[in-house]
Every structure is written in C-alpha cells, then in structure tokens.
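This is the structure I want to talk about, given as structure tokens.
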Amino acid sequence: MVLNLPAPPRHSPEFGHDALVVCDNLVRIYQSEAVEVQALQGLDLLVQEGEMIALVGASGSGKSTLLKVLAGVDSPTAGGARVAGHDLVDMSRRERVHYRRHVVGFVRQQTARNLVPYLSSRQTVDLPLTIAGTPRAERRARTAELLELLGVGHCADRRPAEMSGGEQQRVSIAVALANGPRVLLADEPTGELDSETAAEVFGALRTVNRELGATVVVVTHDAEVSGQVARTVAIRDGRTSSEVLRSDETADAPGRSEEFAVMDRAGRVQLPREYREALDLTSRVRLALAEDHIRIRSDRSDHGEDA
Ligand code: ADP
Ligand code: MG
C-alpha cells in the first residue's frame, strides 16, 4: 500500500547558523557522591554578533554555569555550544587555551578574583597582553586606551585596595578586553555594588558594546539595570523561559518593552506559574488552534471545542 505522505521538509539551515553564540539543548549535570544536580536542562540560546543581552533568573537557575561553559572554563555534559565558530564541546586543549585568551573575555562575580592584589591596574591589563606576546609599545597604548574608555584612566597606578568597588570592576572589564575578544561575558559584575555604582559599571559595559563592537552577555539580578538593554533573557530551572525585548528609545518616545515566552526547537513553551495557578492547569491541557492564536484550556474545562 502506498501512502500519500506530504513531501519531507526541505533541509533547513543549521540552528543558529548566523549567530555568534549558539547554545543548542545544552545540558550540564554536576555529579557529586550522592547527588546529581542538573544545572542546565536543555538550554537554547542564540546571540547575534554585536548584541548586548542581560541574563536574569533566580539564584541557582544556572546562570553562572552557562557563563562558565561559554567562557570555556567548564564543559557541557550534553548538547551543543558554539561561539564564534568554536565548538565548545569538542575542543582540543590547545584550542581551548587560544579560545580563552583571544575569543572571550570573562568578568567573574567576585571582584577580588578578577584582579591581583599586588599589581597596579596598568600591570594587570598588561598581563594578558604580555602572555599573548604583544609588543611592548602596543601593550602600553592598548592598556591606556582601555582604562581611558572605561573611565578609570586615573587608576592606572593604583592597586585594587586603592580603588572603589566600581573602579575595580571597570578595571576588571579592561583586563577581560585586553586581547580584543569578540564576546565579553560578565557574571553579576554589579552584584557587590550599590545601585548608583552598579549603574556606572553597567554603563561601562554598554560603552564597550557600542564603541568596541564586542558582543556582551551580562548576568544581573538587578531588574532595573536589565531595563537598559535591548534584550533580557530569563533563565528558569536551567532553561531559557522568557525574553523581554525593548525597542530603541528616541528623543520624543520612550522605549517600549514587550515580554515573550521562549519556544524551544521542539515547540515547548513554559507557561508562567501565575497562569497555571490561575486556571489550575496541571499535567494536561486542551489546545485549540484559532486563526491567529492558540488557546490553552484546562483539561477539566467543558469547552473541549471552540464555541
Ligand atoms: P546561578 O548562577 O543562576 O545562581 P549556578 O549556575 O551557580 O546558578 O548553579 C546552578 C545549580 O547548579 C545550583 O543548584 C548549584 O547548586 C549547582 N552547582 C553549581 N556549581 C556546582 C558544582 N561545582 N558542583 C555541584 N553543583 C553545582
Ligand atoms: Mg551565579
């Protein structure tokens, strides 16, 4: 018997083929003696070159794990991760060293871990340049340029203890940018700062994105601060769950923002808890396709079909 099947779908381009950062069903499981923690549970994320995005989510939702994978300091358990053409799952030791030195810059959550107590800012920014074998004159120019761009030119000869928290973080960003990475990753760089200083550091990241064209992924728990970027991605339970997109602000119109749910490649969407609770939705729901929307109803609802 010959079935009249529809034509198979045409070969679709690879997921995120034009994105700079691609996370495809990313899984990271931490295994210790007795317990297994699924820090990332099939996370999809695409970031285009030149974008600046904020990552938000409750403590323990997997933000730091994601950043460590993207920074090349941790390896995923399953799934795919690619940054600027580098496959983070299948990377040789040598490629990993090159990747961490030249392709990504990483600002860690703990201010103290980004800097060296006995080195001045100038010396700290110079360090990765020296390791990369950059000629001296070039190193000097680059260091001065970065400290200036981040508004900490006056801190060139100071050590961490002689700077404020905000200055230390801006120097940390300069260090991360020394070798001209295409992607800058920052894990709660404003977490230990008061809100005014945090806004300054966040402003510095925006400057980096705008002036140097670096793609920026910044984790923040500060909802106010994340309102300053065009795209905010929320992570829940190791997956991207929703996104807020803001249109550009113009002189006479403030930027508008709209929240979207994220649909993964298999078509799965997470319904916000408030929605589930409001309609007491549990394990099964009724779906109905309308002309321009999809209706979701409780399985206990009498209205099985659209009226
Ligand atoms: P976030 O940065 O969003 O607070 P993390 O990525 O740090 O979240 O952690 C996600 C989950 O993974 C948490 O449950 C955390 O306890 C766990 N986790 C993180 N790092 C490790 C580790 N090295 N060993 C075991 N569990 C870990
Ligand atoms: Mg964290």
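The values are calculated or read from the model by the stated rules, or taken from the named source; none is laboratory data. What you see is a predicted model, and the numbers here were worked out from it, not measured in a lab. A quick note on method: Cβ atoms are made from the backbone with ideal geometry, for glycine too, and the neighbour counts reach across all protein chains shown. The area values use the complete protein model at the heavy-atom level, side chains included, leaving out ligands, DNA and RNA. Shrake-Rupley method; radii C 1.70, N 1.55, O 1.52, S 1.80 Å.
Starting from the Cα gyration tensor of the chain, take the square roots of the eigenvalues, sort them a ≥ b ≥ c, and report rounded, prolate or oblate (rounded when a/c is under 1.5, otherwise prolate if a/b is larger than b/c, else oblate).
Judged from the Cα gyration tensor, the chain comes out prolate (a/c at least 1.5, a/b above b/c).
So, by mean Cβ neighbours within 10 angstrom, what's the order for 131-138, 149-156 with the highest one leading?
Working: 131-138: 10.9, 149-156: 18.6.
Listed from highest to lowest mean packing, they are 149-156, 131-138.
Could you check what % of the DSSP bridge pairs in the chain are antiparallel, to the nearest 5? Could you put the intermediate results ahead of the total?
Numbers: 33 of 50 bridges.
Within the chain, antiparallel bridges account for around 65 percent of the total.
Here is a further query. What full-extension length gain, to one decimal in nm, is calculated for R140 and L245 as 0.36 nm per residue of separation minus the Cα-Cα distance? Please report the intermediate quantities before stating the final value.
Working: separation 105, 0.36 × 105 = 37.80 nm, distance 3.94 nm.
This chain segment gains 33.9 nm when fully extended.
Oh, and also: Once you keep just the Cα pairs under 8 angstrom separated by 6 or more residues, what percentage relative contact order results for the chain? Working shown, then result.
Details: 525 pairs, mean separation 57.0, N = 307.
Once normalised by length, the contact order is 19 percent.
Calculate, in nm to one decimal, what A78 and Q48 gain on full extension: separation in residues at 0.36 nm each, minus their alpha carbon distance.
Values: separation 30, 0.36 × 30 = 10.80 nm, distance 2.26 nm.
Going from the current span to full extension adds 8.5 nm.
Further, regarding this structure: When you count, for each residue, the other Cβ atoms within 10 Å and take the mean per peptide, how do 182-193, 109-120 rank with the highest first? Don't skip to the answer; put the middle values down first.
Values: 182-193: 21.8, 109-120: 14.4.
Top of the packing list down: 182-193, 109-120.
In nm, to one decimal, how far is the modelled label at Y118 from the one at D157, with both set 7 Å along Cα→Cβ?
Going by the 7 Å Cα→Cβ label model, 2.0 nm.
Now a separate question. Summarise the accessible area of the chain (1.4 Å probe, protein heavy atoms) by the percent that is carbon and sulfur.
On the way: 8660 of 17910 Å².
About 48 percent, which is the carbon plus sulfur part of the accessible surface.
Further question on the same structure: Any chance you could give the angle, 0 to 90 degrees and rounded to 10, that helix 195-212 forms with the longest Cα principal axis of the chain?
90
Still on this model: For region 10-70, with every protein chain kept in place, what is the accessible area per residue (1.4 Å probe, Å²)? Walk me through the numbers on the way to the answer.
Details: 3070 Å² over 61 residues.
Accessible surface, normalised per residue, equals 50 Å².
Where does the chain land at 222 nm, in deg cm²/dmol rounded to the nearest 500, when only DSSP H runs of n ≥ 4 count, each adding -39500 (n - 2.57), divided by all residues? Display every interim value, and only then the final one.
Numbers: 9 runs with 84 residues, N = 307.
Mean residue ellipticity, 222 nm, calculated: -8000 deg cm²/dmol.
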